[in-house]
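First up is the structure itself, then whatever we jot down about it.
The values are calculated or read from the model by the stated rules, or taken from the named source; none is laboratory data. Source: prediction; values computed, not measured. When we count neighbours, we look across all protein chains shown, and the Cβ atoms used for this are built from the backbone with ideal geometry, even at glycine.
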Amino acid sequence: MSPTTNSPSISIDALTQFCLAALTRVGVSQTDAKTTASALVTTDAMGVFTHGTKLLAGYLNKLKGGGYRAGATPRIEREGLGWALIDGESALGQVGSDFAMRTAIEKARKVGVAYVGLRNTGHIGAAGYYAASAARQGFIAMVTGNDIPSVAAPGSKRAVLGSNPIAYGVPHGNGEPIVLDMATAAVAGGKIYAAIQRGETIPSTWLIDQEGQPTVDGSLYPDRASLAPMAGHKGYGFGLWCEILSAVLPGGKMTWQVGSWIFDDPSLPSEHNASFIAIDIGAMVPREQFDQRLQHLIDEIHAAPTAAGIERVLLPGEREWGLYRKAQQEGIKLPQDVRDKLVQAAAHAGIEPPAELSR
């Protein structure tokens with residue numbers, strides 16, 4: 001049985017209003033609260049519950065403790081025509097990421113391609129959200145992030161890199177963007193916690209124990225086990241690429257220098273880092289030509305022969321956009337672990353949880 005099967009639905013608007021109320025209650029401006037709430041709720045609506053409103057309670061804890069600064073304004077430290085380095089000032093990661101992606105888009109409009117490094121920010125949540133935002137404005141985008149190490153390298157007995165995310169977004173005519181958003185670990189750490197909370201057994205491909213061997217004991221994570229890298233050495237290589245773009249290049253904290261936004265004292269900043277690259281399609285080729293060529297590729301993929309029971313091959317993000325459209329009509333069925341975290345978030349903010357959670 002799906003963990004969401006018997007959950008009551010909550011509308012996108014109701015969940016957004018709750019997030020706004022909670023964030024503004026701890027001092028976040030209305031503008032920054034809207035930015036953050038949109039990222040979290042959209043991610044839930046797309047069915048990615050590990051990076052949606054489940055994160056809100058932890059963010060509120062950090063904001064109340066001072067590790068994340070409710071009134072902070074990210075600022076450009078250095079810049080050129082096609083690049084910028086931004087200090088996130090320990091603001092919420094959604095606030096810093098939104099500013100960084102907008103900066104990359106503005107610069108790419110002028111010179112075609114732009115890179116923006118964001119250092120000293122909060123946990124950024126779903127990297128694909130920002131890539132999709134850029135794609136809707138006609139830009140191909142790539143987003144990377146880094147985190148405190150939780151992922152082993154091939155042959156290591158301990159974590160070497162974070163579950164560093166990499167995402168891309170590609171405009172698709174008048175349709176929803178093509179969006180890939182993935183951790184460079186075999187699985188996001190949040191899925192380990194969710195499985196433990198639901199009492200589920202994890203696959204043997206998710207964790208590496210202290211002897212460097214696979215384990216199915218989720219309770220070992222994170223103190224006595226590390227996440228396995230996605231696709232072995234390939235995932236390790238991509239994780240390193242994210243670390244370089246996100247932290248090494250812009251001068252941010254690297255690997256063990258990054259704090260844990262979940263486990264550290266809430267008064268401490270986590271000093272996460274990220275990178276944002278925007279490519280202006282229209283600066284290189286006529287947009288109509290790009291759209292036609294991309295549609296040809298998409299049609300070819302959709303027409304590929306499929307295995308029994310499979311209607312068609314999907315593009316990255318296609319399933320998630322379908323869930324989003326359904327959520328717009330029917331609301332979001334939140335898993336129990338997310339519902340529990342929202343109750344915690346309400347307690348942190350001193351407000352009532354959404355009425356839908358008590359049904």
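Conditions (1) under 19 Å from the mean Cα position of the chain (by Cα); (2) assigned to a helix (DSSP H, G or I); (3) within 22 Å of Asp264 (Cα to Cα); (4) not hydroxyl-bearing (Ser, Thr, Tyr), marked per residue:
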site	(1), (2), (3), (4)
Thr16	yes, yes, no, no
Leu23	yes, yes, yes, yes
Val28	no, no, yes, yes
Thr31	no, yes, no, no
Val41	yes, yes, no, yes
Gly47	yes, no, no, yes
Enumeration of residues in the range 62-91 that are in contact with a helix residue (DSSP H, G or I) (Cβ under 6 Å, 6 or more places away or on another chain) and not hydrophobic (A, V, I, L, M, F, W, C): Tyr68, Pro74, Gly82, Gly88
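Take the range 146-198 and flag every residue that is polar (S, T, N, Q), over 19 Å from Ile277 (Cβ atoms) and in contact with a Pro (Cβ under 8 Å, 6 or more places away or on another chain).
The initial filter retains those residues of the range 146-198 that are polar (S, T, N, Q), namely 146, 150, 156, 163-164, 174, 184, 197.
Next cut, over 19 Å from Ile277 (Cβ atoms) only: 150, 156, 163, 174, 197.
The answer is Ser150, and nothing else.
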Just checking, how many residues over the range 271-294 are loosely packed, with under 14 Cβ neighbours inside 10 Å and more than 18 Å from Gln137 (Cα to Cα)? 1
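Working only within the range 322-359, note down all residues that are hydrophobic (A, V, I, L, M, F, W, C) and surrounded by 18 or more Cβ atoms within 10 Å (Cβ to Cβ).
Step one: list which residues in the range 322-359 are hydrophobic (A, V, I, L, M, F, W, C), which gives 323, 327, 332, 334, 338, 342-343, 345-347, 349, 351, 355, 357.
The answer is Ala327, Ile332, Leu334, Val338, Leu342, Ala345, Ala346, Ala349, Leu357.
For the subset of the range 171-185 comprising residues that are among the aliphatic types (A, V, I, L, M) and crowded, with 24+ Cβ neighbours inside 10 Å, which member is modelled with the lowest pLDDT? Quick ask: steps written out before the conclusion?
The initial filter retains those residues of the range 171-185 that are among the aliphatic types (A, V, I, L, M), namely 178-180, 182-183, 185.
Those still in the list that are crowded, with 24+ Cβ neighbours inside 10 Å too: 179, 183, 185.
Working: Val179: 98, Ala183: 93, Ala185: 96.
Only one residue fits best here, namely Ala183.
Kindly indicate whether Gly251 is in contact with a strand residue (DSSP E or B) (Cβ under 9 Å, 6 or more places away or on another chain), closer than 18 Å to Tyr168 by Cα and either at pLDDT 95 or above or surrounded by 14 or more Cβ atoms within 10 Å (Cβ to Cβ) (or both).
Numbers: in contact with a strand residue (DSSP E or B) (Cβ under 9 Å, 6 or more places away or on another chain): yes; closer than 18 Å to Tyr168 by Cα: no; either at pLDDT 95 or above or surrounded by 14 or more Cβ atoms within 10 Å (Cβ to Cβ) (or both): yes.
In short, no.
Could we say that Gly237 is surrounded by 11 or more Cβ atoms within 10 Å (Cβ to Cβ) and assigned to a helix (DSSP H, G or I) here? Talk me through it step by step, then tell me what you get.
On the way: surrounded by 11 or more Cβ atoms within 10 Å (Cβ to Cβ): yes; assigned to a helix (DSSP H, G or I): yes.
So Gly237 fits the description; yes.
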Restricting the first residue to the range 20-48 and requiring it to be over 13 Å from Ala327 (Cβ atoms) and in the same structural domain as Arg339 (by TED's automatic domain parsing), which pairs with a second residue that is aromatic (Phe, Trp, Tyr) and part of a helix (DSSP H, G or I) meet a Cβ separation below 6 Å and a spacing of at least six or different chains? Ala39/Tyr129
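Looking at this structure, is Gly117 crowded, with 24+ Cβ neighbours inside 10 Å, in contact (Cβ under 8 Å) with a residue 24 or more places away in the chain, on the phi > 0 side of the Ramachandran plot and not in a helix (DSSP H, G or I)? Full working, then the answer.
On the way: crowded, with 24+ Cβ neighbours inside 10 Å: yes; in contact (Cβ under 8 Å) with a residue 24 or more places away in the chain: yes; on the phi > 0 side of the Ramachandran plot: no; not in a helix (DSSP H, G or I): yes.
Spelling it out, it is not the case that Gly117 is crowded, with 24+ Cβ neighbours inside 10 Å, in contact (Cβ under 8 Å) with a residue 24 or more places away in the chain, on the phi > 0 side of the Ramachandran plot and not in a helix (DSSP H, G or I).
I'd like the residue in the range 299-314 that is of a type in the set (Val, Ile, Thr) and within 14 Å of Ile178 (Cβ to Cβ) and, out of all such residues, is surrounded by the most Cβ atoms within 10 Å (Cβ to Cβ).
The residue in question is Val313.
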The range 67-122, residues that are closer than 24 Å to Gly259 by Cβ and among the aromatic types (Phe, Trp, Tyr): Tyr68, Phe99
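What tally of residues in the range 331-357 results from selecting those that are part of a helix (DSSP H, G or I) and either farther than 11 Å from Ile10 by Cα or outside the structural domain of Arg25 (by TED's automatic domain parsing) (or both)?
13
Yes or no, residue by residue, for (1) of a type in the set (Asp, Glu); (2) over 18 Å from Gly190 (Cβ atoms); (3) assigned to a strand (DSSP E or B):
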{"residue": "Ala100", "(1), (2), (3)": "no, yes, no"}
{"residue": "Thr103", "(1), (2), (3)": "no, yes, no"}
{"residue": "Glu106", "(1), (2), (3)": "yes, yes, no"}
{"residue": "Tyr129", "(1), (2), (3)": "no, no, no"}
{"residue": "Met142", "(1), (2), (3)": "no, yes, yes"}
